[in-house]
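Heads up: the structure comes next, in structure tokens.
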Amino acid sequence: GNMDQVGAATFASGRKAPQAVRAWARDGKTPTIYSWSLGIQRQLPANFALDAAYVGNIVRHLMDVRDINTLPLGATLDPNLLRNVNNVSNAIRPYVGYSNISFTDFAANSNYNALQLRVSRRFSKSLTTNVSYTWSKAMGQAEGDGDGIPYPFDRRREYGPLDYDRTHILTIDYVYELPKLTTNNGFAKAVVNGWQLSGITRFWSGTPLTVGSNGNLGTLTGSPRADYLGGDVFEGGKTRFQWFNPLLFARPQEGNLGNTANGLFRGPGINNWDASLFKNTNITEKIRLQLRFEFFNLFNHTQFAGLNTGISVPNPGQAVTQATRGRTGEVTSTRDPRTLQFGAKFYF
């Protein structure tokens, strides 16, 4: 606050601490990527080619942020600790006189390993296409600059699949020029010739999801993950109102982080078809008209996106019940429905 506002009311709740501050590692290092790949290419009949590769990398000294002015697990659950300081929590922090200290370090790591396959066909006989498949895993501790480590004393606990990790990625793209009439009828040729079909089809695995929970870590900051009780999380699930079974999770005991792994299971994947139909009409050698008919999510396939992955249970150690599940496990958003787009382009 302002110095001219200092008074008895300012300190009614006890000793005052300044606002949270940020700090940076004095010996910060430059993030470094080590990459490698090994690939083979093979010519196939009918203008097809095969490209197969192993691609990998490791990344060191990634930026991460952790609160270095918090306490070990369960510290504030000691009935005498806060009582001895008149219930002023900031008085028991390691660095007295400050609240949260967000310390930016360069100690996070990540790695990526993938099998990448592609079958491609050069444009011939009115068709070109690519079929690409990737089987991969991206693991690490931080997603991007400034991502926090929830419990600063156990960075390894955050190691798991990164948010953008997708196990299987299959993408098909193509361009096909429809057959042309060879008749001398100019009107028929103008109507039938010049059509081109293209599209992109994607079948992708979902991204990792983690189940969080309410609870008290006893550290002055953060919240736990849920306890996983065992069983098939998808049994009877993968519907709009229950993508996974929330009854297999429980609120951890106070002072516990929860046993659920980071990225325990996968969310909804992608099954999407985009297609375009073009009609090119040559008016003169240098002038032509193109009609464009574009379809996004052509079959209007419902594709779930976000999920509610947090549980809220009244008592520590209590499992989720039908009465306390709320909307946990339900789909909260979907990807775009079918969109049609029509247009014309005049080239001259």
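Checking each residue in segment 267-288 for being open to solvent by 60 Å² or more (accessible area, probe 1.4 Å) and not in a loop (DSSP other than H, G, I, E, B) picks out 273, 282, 288. Of the candidates 69, 86, the single residue that is within 28 Å of residue 220 (Cβ to Cβ), touching a Gly at 6+ places or on another chain (Cβ under 6 Å) and polar (S, T, N, Q) is 86.
Looking only at segment 256-282, residues that are polar (S, T, N, Q) and under 30 Å from residue 194 (Cβ atoms) come to 5 in all. Just one of the listed residues (15, 22) is exposed (fewer than 14 other Cβ atoms within 10 Å of the Cβ) and modelled with pLDDT of 90 or more, and it is 22. Which one is nearest to the chain's Cα centre (by Cα), of the residues in segment 200-219 that are open to solvent by less than 60 Å² (accessible area, probe 1.4 Å) and hydrophobic (A, V, I, L, M, F, W, C)? Here the answer is 209. Of the residues 175, 191, which is open to solvent by 30 Å² or more (accessible area, probe 1.4 Å), under 29 Å from residue 275 (Cβ atoms) and assigned to a helix (DSSP H, G or I)? Residue meeting the stated conditions: 191. For segment 305-348, the set of residues classified as part of a strand (DSSP E or B) and aliphatic (A, V, I, L, M) consists of 307, 311, 319, 331, 340, 344, listed by residue number. Does at least one position in segment 310-328 carry a residue that is among the charged types (D, E, K, R), open to solvent by 50 Å² or more (accessible area, probe 1.4 Å), out of contact with any Lys or Arg (no Cβ under 6 Å at 6 or more places or on another chain) and touching a residue at least 12 places away in the same chain (Cβ under 8 Å)? Scanning segment 310-328, I find at least one residue that is among the charged types (D, E, K, R), open to solvent by 50 Å² or more (accessible area, probe 1.4 Å), out of contact with any Lys or Arg (no Cβ under 6 Å at 6 or more places or on another chain) and touching a residue at least 12 places away in the same chain (Cβ under 8 Å), so the answer is yes. Kindly establish whether residue 257 is open to solvent by 50 Å² or more (accessible area, probe 1.4 Å), in contact (Cβ under 8 Å) with a residue 40 or more places away in the chain and not acidic (Asp, Glu). Judged against the criteria, residue 257 is not a match.
The values are calculated or read from the model by the stated rules, or taken from the named source; none is laboratory data. Small disclaimer: the values here were computed from a predicted structure and weren't measured. Positions of Cβ are generated from backbone atoms using ideal geometry, with glycine treated the same way; all protein chains shown enter the neighbour counts. When the accessible area is computed, the model is the full protein with side chains, heavy atoms only, and any ligands, DNA or RNA have been set aside. Shrake-Rupley method; radii C 1.70, N 1.55, O 1.52, S 1.80 Å.
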